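> Structure below; questions to follow.
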Amino acid sequence: MYDIKIINGKIVDGTGKKAFAADLAINGDKIAAIGDLSNEEAKKVIDAKGKVVSPGFIDFHTHSDYTILFDQRSCSRVYAGVTLLVIGNCGIGLAPIRDERKQDLINYLQTRIVGTVNAPLFLDWNTEAEYFQYIEKNPPAVNVAAYCAQGALRIDEMGFAQGEATPEQLEHMKEKLAQAMKDGAIGMTTGLVYMPGAYTGKEELAELCKAMAPYGGYYCTHMRDEGDFELDAIDEAIYIAKNGGVPLHISHLKISGSLNSGNLEKVFDKIHQAQAEGLEVTYDAYPYNAGMTSLGAFMPPWIFEGGVPKLVERLKVPELREKAKHDIINGVPGWQNFYAIVGYDWNKPAICSVNQEHNKWMEGVTIAAAAEKAGKDVFDFVFDLLIDENGKIQVTAPGMEQSTVDYIIAEPNTMIGSDSCDFANDGILNYGKPHPRAYGTTGIIFREFVREKGLITVEDAVRKMTSLPAKRLGFADERGTLKEGYYADVLIFDADTFGDLATYANPKQYSVGMDTVIVNGQIAMENGVQLEDVHAGRVLRNKCSR
């Protein structure tokens, strides 16, 4: 007798193969059988008539490192059909970190990924292994796989010092990266538009990659530029991976700035050339033409040296404010200028979350409009807000032409990542006015790109969020496909109605049309309603660490 039997569904197995009619059975945490199971008994039978049965979706790029600890339900993910989160992205993560550097990292994390959540940040661990153990003692509703973040590595060793690491410092970082891989990390990420990634050269990064090569790791990068100098940034990323002896994965592939949209084919030409020369290159993207980042990312790199307290201190000095304004308007060599990305127009970025109660009126308001209401010059407003909020401000800003988004999403080998934290419509994660991608990434793929635009098929969409990322993560022989003996991360949804409701004006809306979500054989959502006490998620480690 099976534990669960799903009958009358259309199997979309994740490989891209056309949907086919079959039943699916689960025993324990594994898929036990697929086929005609009409004569087989089960403790629980789910009728999926008229619905798709697919593998659980993998959100390939998230910043849920803390939010899975604050709220184990992962509500915005479960309603989106996500059963695996990839964390530690863009070079920022929660380990490794020595005790004396913890406050430096916490200060920075508040500006980057959880700046306005109403909860104190903590780092009750030093190593990747200890972080994983903490998650396992407090399991989330969905699975988690984690990178070792180069930003945390460098903060642990060097704080926010500019310049090259000494040979001794580099050796220490290599040792800790190798240990993180042994502990289960899947690779190393960088965020080269952020600090301390922006302080790090390509030779240092290539040397770090060499330390993880023996463990099957790969180099995952938020490149140094995604706008005017993106082609140079791709060359750098390829150089790092090649010289480090590891595959390359490009995070949230995009072409920022309307004037750069003509570089789209050149970007893919460089990727295809590197692949032809033997380098494994993969990439993910989010299906929106606007991104989200910290307001601090609009500041020139020098202002962050020494960490967030130094940022605040410098912004109080009139001469340094003028220098910062000059650099934001005119640029700094080697720095991706977010102000240039938004067309030098403060009417485009909108404030999505702040920490101070007296600033909450700003959420959802553009920076220019907020400055006008505050009666301030817009640059003075930005600097004063960073001081007042201690850098804890997140903004959304348009960055791409929609035609560019369409092209990238339609590319056969594009994986899908939301580039977001978990949110919920109640409790501690109900805050701010987030980017709609935190709720709607998987749903918009089906509503807009499958049904409305016809750019991809249902089978394509499922593959982009299941077997394709599972292969890159190294889990292709156990997850990401509906196959006997694989772990039972399974969805049942209506392909004609599953979609997003989240908008920029009203982002906190769960996707609709998802009927059932099963994580490691346990039902986490039934009849469209999350079972909030089911926390069946696991930490998934790379194979070399098992």
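The values are calculated or read from the model by the stated rules, or taken from the named source; none is laboratory data. The shown structure was predicted, so the numbers you read here are calculated from the model rather than taken from an experiment. All Cβ positions, even for glycine, are placed from backbone atoms using ideal geometry, and neighbour counts span all protein chains on display.
> In the range 222-265, which residues are charged (D, E, K, R) and either surrounded by 23 or more Cβ atoms within 10 Å (Cβ to Cβ) or closer than 18 Å to N413 by Cβ (or both)?
Residues satisfying the conditions are R224, E226, E230, K254, E265.
> In the range 408-441, how many residues are in a helix (DSSP H, G or I), touching a Ser or Thr at 6+ places or on another chain (Cβ under 7 Å) and not small (G, A, S)?
Result for the range 408-441: 5.
> Assuming A198 fulfils every condition listed in (1) at pLDDT below 95; (2) buried (at least 24 other Cβ atoms within 10 Å of the Cβ); (3) assigned to a helix (DSSP H, G or I); (4) of a type in the set (A, V, I, L, M, F, W, C) apart from one, which condition is it?
(2)
> Name the one entry in V458, V529, V517 that is crowded, with 22+ Cβ neighbours inside 10 Å, of a type in the set (A, V, I, L, M), at pLDDT 95 or above and not assigned by TED's automatic domain parsing to the domain that holds G364.
Unique residue meeting the criteria: V517.
> Suppose we filter the range 478-505 for residues that are surrounded by fewer than 17 Cβ atoms within 10 Å (Cβ to Cβ), over 20 Å from the mean Cα position of the chain (by Cα) and within 18 Å of Y439 (Cα to Cα); how many remain?
The qualifying residues number 2.
One line per residue, one yes/no per condition, for (1) within 27 Å of N542 (Cβ to Cβ); (2) modelled with pLDDT under 95; (3) not basic (K, R):
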{"site": "E411", "(1), (2), (3)": "yes, no, yes"}
{"site": "P434", "(1), (2), (3)": "no, yes, yes"}
{"site": "G443", "(1), (2), (3)": "no, no, yes"}
{"site": "G474", "(1), (2), (3)": "yes, no, yes"}
{"site": "V490", "(1), (2), (3)": "yes, no, yes"}
{"site": "A502", "(1), (2), (3)": "no, no, yes"}
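> From (1) in contact with a Leu (Cβ under 8 Å, 6 or more places away or on another chain); (2) at pLDDT below 95, pick out the condition that doesn't hold for A145.
Among (1) in contact with a Leu (Cβ under 8 Å, 6 or more places away or on another chain); (2) at pLDDT below 95, A145 violates only (2).
> From G278, G334, G306, grab the single residue that is part of a loop (DSSP other than H, G, I, E, B) and surrounded by 15 or more Cβ atoms within 10 Å (Cβ to Cβ).
Residue meeting the stated conditions: G306.
> Scan the range 307-318 and report the pairs whose first residue is touching a residue at least 24 places away in the same chain (Cβ under 8 Å) and whose second residue is of a type in the set (V, I, T), with Cβ atoms within less than 8 Å and a gap of 6+ or a chain change.
Taking only residues 6 or more apart or on different chains, the pairs are V308/T111; K310/I303; L311/I303; V312/I387; L315/I303; L315/I387; K316/I387.
> Could you list, in sequence order, the residues of the range 493-527 that are of a type outside the set (F, W, Y), within 17 Å of I444 (Cα to Cα) and assigned to a strand (DSSP E or B)?
Of the residues in the range 493-527, the ones of a type outside the set (F, W, Y) are 494-497, 499-503, 505-509, 511-527.
Cutting the leftovers down to within 17 Å of I444 (Cα to Cα) gives us 494-497, 499-503, 505-509, 511-515.
Within the range 493-527, G499, V512, M514, D515 qualify.
> Next question. For the structure I just gave you, tell me whether A165 is assigned to a helix (DSSP H, G or I), of a type in the set (A, V, I, L, M, F, W, C) and over 21 Å from the mean Cα position of the chain (by Cα).
Answer is no for this residue.
> Mind telling me which of the residues G343, G334 ends up being under 23 Å from G163 (Cβ atoms), among the small types (G, A, S) and in the same structural domain as L386 (by TED's automatic domain parsing)?
Testing whether each residue is under 23 Å from G163 (Cβ atoms), among the small types (G, A, S) and in the same structural domain as L386 (by TED's automatic domain parsing) leaves just G334.
> Here is a further query. Scan the range 149-181 for residues that are within 17 Å of C90 (Cα to Cα) and free of Cβ contacts under 8 Å to residues at least 60 places away in the same chain and jot them down.
Across the range 149-181, the qualifying residues are Q150, L153, R154, I155, L177.
> Still on this structure, please answer the following. Among the residues of the range 1-48, how many are more than 32 Å from the chain's Cα centre (by Cα), closer than 25 Å to I456 by Cα and not in a strand (DSSP E or B)?
Residues that pass the stated criteria total 0.
> Can you tell me which residue in the range 340-395 is farthest from E322 (Cα to Cα), limited to those that are touching a Pro at 6+ places or on another chain (Cβ under 8 Å) and of a type in the set (A, V, I, L, M, F, W, C)?
Checked the range 340-395; the qualifying residue farthest from E322 (Cα to Cα) is C352.
> Cβ-Cβ below 8 Å, separation at least six or inter-chain, first residue in the range 404-419 and among the polar types (S, T, N, Q), second part of a loop (DSSP other than H, G, I, E, B): which pairs?
Once the first residue is among the polar types (S, T, N, Q) and sits in the range 404-419, its partners that are part of a loop (DSSP other than H, G, I, E, B) give T404/K254; T404/I255; T404/N289; T414/L253; S418/H61; S418/Y286.
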